Each structure stands twice: as C-alpha cells, then as structure tokens.
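**Q** Sharing a structure here in structure tokens format.
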C-alpha cells in the first residue's frame, strides 16, 4: 500500500487532508479513487491505514481506519556527519542512508572537501535533499523522516555533537594496526534509546587538524572493517552494521 | 601505496612485469620513477611491496622487497546473485559490493527484470564489469579480485547454487510477520571457510514461480532488516552484515 507523510497541520484527529505533491501522486500517478486506501504517517511516527472519502480539485480527504503497530525505526538515534563529497554522492548517501536507518544527516565543509557551496546554492539544494529523504522514507516504509541539515562548519559540528551520547569518527590512520579496534567493541557498549553521531571524511579523509579537533571534542576514532571504503560507502557500512547489531541480533 | 593486480604470466619468482593499463597508470598517471615502490597482488591472494628497477617503453619491471601479511579478504565465500536491475545499478553493486567483501557476482535474467540483454550486448558489458571490480579491489586494498559472471538463466542459477554450503534469497513476503526470522539466526550458523550464495530480486522482486523454484532448490527465504530496501541496497546490506558478524565481532 502506498505511503504518505502528512504534515501536522493536515491532521484533524482521525481525518487527514492531502495536498500538493502527494495530491498529485495519489490522483495522477497512482490514479486512486474514492474508497481506495493508503497508509498515512503522522508527524509523531504513528501510521495508519486510511480510506479516501472524497477527492476534490486540490485536496484528497481520507479517514483513519486502523492504526498500525510498525517497527521500522531503529531503537537508537544515528546522525551521519559527512565531509562534503564530490558529484552526486551526497544524494546517494541521503537515499541509501534513509533506507538503512539514519535519523539525521549533517554535511560539513571539510578541509579536504573539493566542493564548496555558498549559501545561495545551498538554499536551492536543501529542499531537494529533503525531498530525496522523504521519498526514501516512504519507499522503505519508515514512519519518521530523517532530518537533513544545511552544510555546517567544523565549529558548528563540535557544538552539535555535544548533545550526543556516543561520538565516533572514521579514521583509518589511527587504527590500522590494532585488531582490538573492532567495531563490535564499541557498538556493544551502546544501549537502546541512546544517540550516536558518526563523522566520515570526504574523499581525501580528515586533515590532521580536524582529527585532533574531533579527538579534543570527545570523538573516538574507529576503523570501518578490514577494507578501505570509499567516502560514500562508509556511512552505508556503519548504518548496516548498527542495524545488524540493534535490529537483527536482538 | 598504489596497488596493482599482476596476472600469473607476468610473475617470475620475485620479479614482475607490468604492462598495458597498469603500465599507463604507473608511468602517466602516478608518474612513478625507477626506485619507487608499489604493492603488487599475486593471483593467489598474496601481496608484496615491490620496487621498480627499470621503466621501458611498454613494460615496468619491479622486484619483490617484502611479502605482506594482509587480512582484507573475508573468511567466507559470498556470491551475490542479482536479478538484473535497471540503469547503472548493477555497476553500483559491483563497485560497492567489491568494497564490502563479495567474492562472486552473478547477474540473472529474472521474470520481472525490465532490462533484457542479448549475447552481443553482454559481450561488450562483461569486460567493463570486470574492470569495475578490478579497480574497486585495488582501491579497497583487497588481495583477490571477485569473479563476475555473464548473465545466467534461472536454470543455470540453480545448477551453480548446488556447490554452495548455504543458500538464501531475500523474500519479504514470506517473512514479514515473523520476528524470529532475524538475519543473525541464520548467519550465526555459518562457519568460517564456508560458502554462501544470496539471491536478490530485481525492482519488482521475485515472481511466485521463481520463489517456489528457489525453495525447491534448497534456498531459504530471509528478510533483510525491518525496512524495505531497494534492489541495489539489498546486497550492500547483506554484505555489510556478514562483514560485521565475521570480521568485526571476532
């Protein structure tokens, strides 16, 4: 059944109004009719099967028939911080990272990021990123849409990280020779309900200044498996690993 | 240090000859000179630091200085069988799947594959796929290059699968409601040194005929985590999960 995230203002108890892009999708792409059903996700992560009772010129009205008990959200909060990569890799990370359970995406302007985005360009990019994440949430049956931030500086990143329970950064240099630095040693200390922030460098990795700054801010260096991963593969590996530990082993 | 896979014929005890694309890469891209070092991977998975002693017109000659003890290969054999997906997704799977530890890639013409490739088109594609996998192996510091097959039929797939210790296929329909169908229940029964073959459907999933055929051939249905993954995300999730269990928990 098709899913839609319905904004807070469009819920009135168990009645919903669907407008704009989702209206278009229901009426013109899915060609649904009155009496058809869909799944509506509420802003608080609840979801329900809803039946369409009227299709107007710009609004679809539907009513909750049955609240669902879904468990597609990970039991931990995971923020992926990514040094801005080249090309369309950031969009790949947003799409796949949403499927794999990230709850928060934060791009940052790293010393070795080749891409530099000014505020004007970013203003156009952010809505596009949010659209990718919303669509990936619908497709993967998530009940909450991950947040996407605008690009932050290194100082802003350190401020943001202060509220997280666990802080990691992928830093091969620090850990290459140590067999004891296996991910499970770290992940098995994390408890359900806690929050994790994980920083991944851009193509060239972190600069020494950044690595030192992250350590000073309380980040622990981790190694992401025995092979060298590309910058865009690294967050997907971490997310899949956290999913295995928290969702598939328990 | 840059890595190159050197074919069997170009090894003579501890002397190697580097030709063709790798020659070009060393001389024109990396601009190495006599006396510089590189890592050479031998056909049997051994690797060594080698020093260049002469650069000729079409051949770089180098000699082994030190054999390395690397552990970047997973302790299990993992074959990814993928129903042919649309667009360039297969190439994404080859690249990322190599980074994540697959040892064998087998595309198959599924009932719901939108793409249909004839033998003429495939003849052109296969060398390109092998190049992607070779380059990803070098970049990710693997010491063996995964094999890539040409597209197989469903009957061929069943024949190939006969030699594997464990056979799985991703089939959400069969497992949606069962909390006990967690991946760890399956993976924790697998032992080091064993072989696993995992089938992933194309965008539309497996047909009922295919699902029944796979079950008859001894494949077990598995669910890939609590969210619905796109066809190209599914093999990456499985591979990262196997890496976590076999490489990061032990």
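**Q** 7 Å along Cα→Cβ for the label point: how many nanometres lie between residue B:68 and each equivalent label in the other copies, listed shortest first?
**A** 4.7
**Q** What does the structure give for A:232-240 when I average, per residue, the other chain Cβ atoms found within 10 Å of the residue Cβ? Show your work: numbers first, answer last.
**A** Values: counts 1, 10, 1, 0, 7, 11, 2, 2, 14.
So the per-residue partner count for this stretch is 5.
**Q** For the pair residue B:30 and residue A:29, how long in nm is the line joining their label points, each one 7 Å along Cα→Cβ?
**A** Between residue B:30 and residue A:29, the simple spin-label model gives 4.6 nm.
**Q** Take A:44, A:36 and order them by how many other Cβ atoms sit within 10 Å, fewest up front.
**A** Numbers: A:44 10, A:36 17.
Least to most surrounded, the residues fall as A:44, A:36.
**Q** Pairing the Cα long axis of helix A:234-243 with the longest principal axis of chain A, what angle in degrees results, from 0 to 90 and rounded to the nearest 10?
**A** Result, in degrees: 70.
**Q** Now for a separate question. What number results when the radius of gyration of the range A:3-68, computed over Cα atoms, is divided by 2.2 N^0.38 Å?
**A** 0.97
**Q** Still on this structure, I have one more. Please say if the range B:122-232 is rounded, prolate or oblate, where rounded means a/c under 1.5 for a ≥ b ≥ c the square roots of the C-alpha gyration tensor eigenvalues, and otherwise the choice is prolate for a/b larger than b/c and oblate otherwise? Walk me through the numbers before you get to the answer.
**A** Numbers: a/c = 1.70, a/b = 1.43, b/c = 1.19.
Prolate, since a/c reaches 1.5 and a/b exceeds b/c.
**Q** In Å, what Rg and Dmax follow from the Cα atoms of the protein assembly as shown?
**A** Gyration radius and largest Cα-Cα distance of the protein assembly as shown: 24.3, 79 Å.
**Q** Among the DSSP beta bridges whose two residues both lie in chain A, what percent are antiparallel, rounded to the nearest 5? Let's see the in-between values first.
**A** Working: 19 of 43 bridges.
Given both bridge residues lie in chain A, the antiparallel proportion sits at roughly 45 percent.
**Q** One decimal, nm, shortest first: give the distances between the label point of residue A:34 and those of the same position in the other copies, each label point 7 Å from Cα along Cα→Cβ.
**A** With the label placed 7 Å along Cα→Cβ, residue A:34 yields 8.8 nm.
**Q** How compact is the range A:69-138 by the rule of thumb for globular proteins, expressed as Cα Rg over 2.2 N^0.38 Å? List each step's numbers first, then the result.
**A** Numbers: Rg = 13.2 Å, N = 70, 2.2 N^0.38 = 11.1 Å.
With N residues counted in the range A:69-138, Rg over 2.2 N^0.38 Å equals 1.19.
**Q** Antiparallel versus total DSSP beta bridges in the range B:1-135: what percent is that, nearest 5? Mind dumping the intermediate values first?
**A** Working: 19 of 27 bridges.
Counting DSSP beta bridges with both partners in the range B:1-135, the antiparallel share is about 70 percent.
**Q** Rounded, prolate or oblate for the range B:32-75? Axes are the square roots of the Cα gyration tensor eigenvalues, ordered a ≥ b ≥ c, and the cut-off for rounded is a/c under 1.5. The partial results should precede the final answer.
**A** Values: a/c = 3.21, a/b = 2.27, b/c = 1.42.
Verdict is prolate for the range B:32-75.
**Q** Another question, then. Starting from the Cα gyration tensor of the range A:188-235, take the square roots of the eigenvalues, sort them a ≥ b ≥ c, and report rounded, prolate or oblate (rounded when a/c is under 1.5, otherwise prolate if a/b is larger than b/c, else oblate).
**A** Taking the square roots of the gyration eigenvalues as a ≥ b ≥ c, the range A:188-235 is oblate.
**Q** How do A:1, A:249 line up, fewest other C-beta atoms within 10 Å first? Walk me through the numbers before you get to the answer.
**A** Values: A:1 9, A:249 18.
Starting with the residue having the fewest Cβ neighbours, the order is A:1, A:249.
**Q** Need one number: % antiparallel among DSSP beta bridges in the protein assembly as shown, to the nearest 5.
**A** Values: 38 of 86 bridges.
Taking every DSSP beta bridge within the protein assembly as shown, about 45 percent pair in antiparallel fashion.
**Q** Right, next: Helix A:119-139 versus the longest principal axis of chain A: what is the Cα-based angle in degrees, 0 to 90, to the nearest 10?
**A** Once rounded, one gets 70 degrees.
**Q** Another question, then. Chain B: which residue's Cβ hugs the B-to-A rotation axis most tightly, distance rounded to whole Å?
**A** B:240, 2
**Q** Summarise the partner chain shielding of A:94-100 as one whole number: the mean count of Cβ atoms from other chains within 10 Å of each residue's Cβ. Don't skip to the answer; put the middle values down first.
**A** Details: counts 0, 2, 8, 1, 2, 9, 7.
Mean partner shielding for this stretch: 4.
**Q** Roughly how compact is chain B, stated as its Cα Rg over 2.2 N^0.38 Å to two decimals? Display every interim value, and only then the final one.
**A** On the way: Rg = 20.2 Å, N = 250, 2.2 N^0.38 = 17.9 Å.
The value comes to 1.13.
**Q** In nm, what does the list of distances from residue B:218 to its counterparts in the other copies look like, shortest first, when each label sits 7 Å along Cα to Cβ?
**A** 5.3
**Q** Measure out, as a whole number of angstrom, how far apart the alpha-carbon centroids of the range B:92-121 and the range A:90-158 sit.
**A** 29
**Q** Compute the length gained on full extension between residue A:9 and residue A:165: take 0.36 nm times their separation in residues and subtract their Cα-Cα distance, giving the result in nm to one decimal. Intermediate results must be reported in sequence, preceding the final value.
**A** Working: separation 156, 0.36 × 156 = 56.16 nm, distance 3.24 nm.
Difference between extended and current length: 52.9 nm.
**Q** Show that you can apply the helix-only estimate: for chain A, add -39,500 (n - 2.57) for every DSSP H stretch of four or more residues, divide by all residues, and state [θ] at 222 nm to the nearest 500. Spell out each step's value before the answer.
**A** On the way: 8 runs with 73 residues, N = 250.
One gets -8500 deg cm²/dmol as the mean residue ellipticity at 222 nm.
**Q** Just want the ordering: A:53, A:104, from fewest to most Cβ atoms lying within 10 Å of their own Cβ.
**A** Listing A:53, A:104 from fewest to most nearby Cβ atoms yields A:53, A:104.
**Q** What is the average number of partner chain Cβ atoms found within 10 Å of a Cβ in A:214-227?
**A** Values: counts 0, 0, 0, 0, 0, 0, 0, 0, 0, 1, 3, 11, 12, 16.
Counting Cβ atoms of other protein chains within 10 Å of each residue's Cβ and averaging gives 3.
Only the coordinates and a few stated rules stand behind these numbers; no lab work does. Please read all numbers here as calculations on a predicted model, not as lab measurements. So basically every Cβ, Gly included, is an ideal-geometry build from the backbone, and we count neighbours across all protein chains shown.
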